[in-house]
Structure formats: structure tokens, C-alpha cells
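**Student:** Before anything else, here's the structure in question.
We did not get these values from a lab; they are worked out from the coordinates using the rules stated. Quantities reported herein were computed from a predicted structural model and do not represent experimental measurements. For neighbour counting, all protein chains shown are included, and Cβ atoms are generated from backbone atoms with ideal geometry for every residue, glycine included.
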Amino acid sequence: MSARKASVARETRETKIRVELDLDGTGHAELDTGIAFLDHMLDQVARHGMIDLLVDCVGDRHIDDHHSVEDIGITVGQALAQAWGDKSGVRRYGHAYVPLDEALARVVVDLSGRPGLEWFVEFSRARIGSFDVDLFREFFQGLVNHAQITLHVDSLRGRNSHHVAETIFKAFGRALRMAVEPDPRASGIPSTKGRL
């Protein structure tokens, strides 16, 4: 299988973002989004997904974090789509359950070629530090739309909002790792349609 790497730059009037990733990495992350809690969450994706991930963002955070978080999701989604190409030889589906103390999340992914996000997550408070928890859904919606994947995210239990968020991002990394893993028994694209 050829190198599954990508480099994507996105610039608008609201944000300037660079993302580099390697699906076959070691979990190394270089993150400078300007949003410390988002950096912490993206680090979970890299480490648990065994994806090397660089994300650099300069955004209009004097307004709020919304544009940066959403556009980072979009750019990461674009990089994922670029890195896995036609998805030949991958497992396609991935899932993970991840606990953190009292919290438990389930994430299921399908590299379907069709964007779809099912988000069943409730937080006990509106902010984690200064981070608006509504922006987690915006991040994943942007990612799903541009990676062209189906993603189901379920927070099964949890009281501590930090724990809830962290289980979701860890589970996403694990599920993604499973889905993009080369399948030694597969030949071609894992779909009866012949394309994804």
C-alpha cells in the first residue's frame, strides 16, 4: 500500500489552517490551534488513532472559537479524504467503546463516501473551561462533510463533561484506526458498488 499521507491548507477571511497527517504514523501530534482544549482533544485522536497529525490554525478568535473549530474539522476531513484515496484494501468500518472513569462513549465509523453524522451527546455544563461544548458537534459535522464518512457518536454515560468529551475523541481515534487499517484479505474497494 502506498504512503497514505496528506497536506491541506485552507484560508478564508476567518481562518488560516494547515493540516498534515499520516494514517500510518505513530501517534505523534503537533497542534497549535490557539484553543488549548481542542489541542488536547486532537492529541487524543492522533495517539489513539496512531495517526501523525499536524494542525496549525490562526483564526478570528476575538469573535469566538466557532469559525476556528468548524474550519479545523473541515480541513482535517479534507486531509483524511486525500490520505485514504479510493479506500482500496481498507477495512472500511470501525468502532470503539472507550471509558474514562464514570464516562463511556461509543463511536462507529463507515468510510461510506456519504456524509452523515448521528450525534447523541449531552453535557452537564455549557463550557469546559472556556470551551463551548456546542462546538464539538460543529467540529465533527465539518469533518464528516468533507471526509465523506458516516459517523455515529453516542455518549452512553458520564457526569464530568471533560471525561465525556475525552471519551468521544479517544473512541473516534480508535474507530478511525480500525476503519483505515489495511485488510490483508481484501482485494480492491470494500463495496459491492465498486467505489466508495
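**Student:** What order, most packed first, do the peptides 46-55, 33-42 have when packing is the mean number of other Cβ atoms within 10 Å of each residue? Please list the in-between numbers first.
**Tutor:** Numbers: 46-55: 21.7, 33-42: 19.7.
Listed from highest to lowest mean packing, they are 46-55, 33-42.
**Student:** Rounded, prolate or oblate: which one fits the stretch 102-196, using the alpha carbon gyration tensor with axes a ≥ b ≥ c (rounded when a/c is under 1.5, else prolate when a/b beats b/c, else oblate)? Can you show the working numbers first?
**Tutor:** On the way: a/c = 3.06, a/b = 2.05, b/c = 1.49.
The shape class here is prolate.
**Student:** Roughly how many whole Å is it from the C-alpha centroid of the stretch 5-39 to that of the stretch 157-196?
**Tutor:** 19
**Student:** Write down the radius of gyration of the stretch 144-196 and its Dmax, each obtained from C-alpha positions, in Å.
**Tutor:** When restricted to the Cα atoms of the stretch 144-196, Rg and Dmax are 14.9, 44 Å.
**Student:** A further question follows. From the phi of every residue in the stretch 16-26, what ³J(HN,Hα) in whole Hz does the Karplus formula 6.51 cos²θ - 1.76 cosθ + 1.60 yield, where θ is phi - 60° and glycine or proline is x?
**Tutor:** 10, 10, 10, 10, 10, 8, 9, 5, 10, x, 10
**Student:** Can you list residues whose amide H is under 5 Å from R4's amide H, if they're 5+ apart or on another chain and H is modeled 1.01 Å from N?
**Tutor:** Counting only residues 5 or more places away or on other chains, the set is L23, D24.
**Student:** Roughly what would the spin-label model give for D86 and A36, points 7 Å off Cα along C-beta, in nm?
**Tutor:** Label-label distance for D86 and A36, simple model: 4.7 nm.
**Student:** If you place +1 on the Cβ of every Lys and Arg and -1 on the Cβ of every Asp and Glu, how big does the dipole about the Cα centre of the stretch 5-180 come out, in debye to the nearest 20? If you can, show how the numbers build up before the last one.
**Tutor:** Working: 20 positive and 27 negative charges, 121 e Å.
For the stretch 5-180, the charge dipole is close to 580 debye.
**Student:** Go through 135-141, 75-81 and give me the packing order, highest mean Cβ count within 10 Å leading.
**Tutor:** Values: 135-141: 20.3, 75-81: 23.9.
Ranking the peptides 135-141, 75-81 by packing returns 75-81, 135-141.
**Student:** In terms of modelled amide H atoms, which long-range or inter-chain residues lie less than 5 Å from the amide H of I128?
**Tutor:** Excluding prolines and chain starts, which carry no amide H, the hits are V133.
**Student:** Would you calculate, for the chain, the mean residue ellipticity at 222 nm contributed by helices, counting each DSSP H stretch of 4 or more residues as -39,500 (n - 2.57) and dividing by all residues, to the nearest 500? Walk me through the numbers before you get to the answer.
**Tutor:** Numbers: 4 runs with 67 residues, N = 196.
After summing the helix terms and dividing by the residues of the chain, the value is -11500 deg cm²/dmol.
**Student:** Once amide H atoms are built 1.01 Å from N in the peptide plane, which residues 5 or more positions from L156, or in another chain, come under 5 Å H to H?
**Tutor:** L104, A105, R106
**Student:** Past 24 Å, Cα to Cα: identify those pairs from K5/K193; K87/K193; K5/K170, in the order given. Please report the intermediate quantities before stating the final value.
**Tutor:** Numbers: K5/K193 26 Å; K87/K193 13 Å; K5/K170 21 Å.
Checking Cα-Cα distances, K5/K193 exceed 24 Å.
**Student:** Here's a follow-up. Can you give me the three principal axis dimensions of the chain from its C-alpha atoms, in Å, biggest first?
**Tutor:** That works out to 47, 39, 28 Å along the principal axes.
**Student:** Charges on Cβ only, +1 for Lys and Arg, -1 for Asp and Glu, centred on the Cα centroid of the stretch 5-180; of V144, L54, F37, which one is farthest towards the dipole's positive end?
**Tutor:** V144
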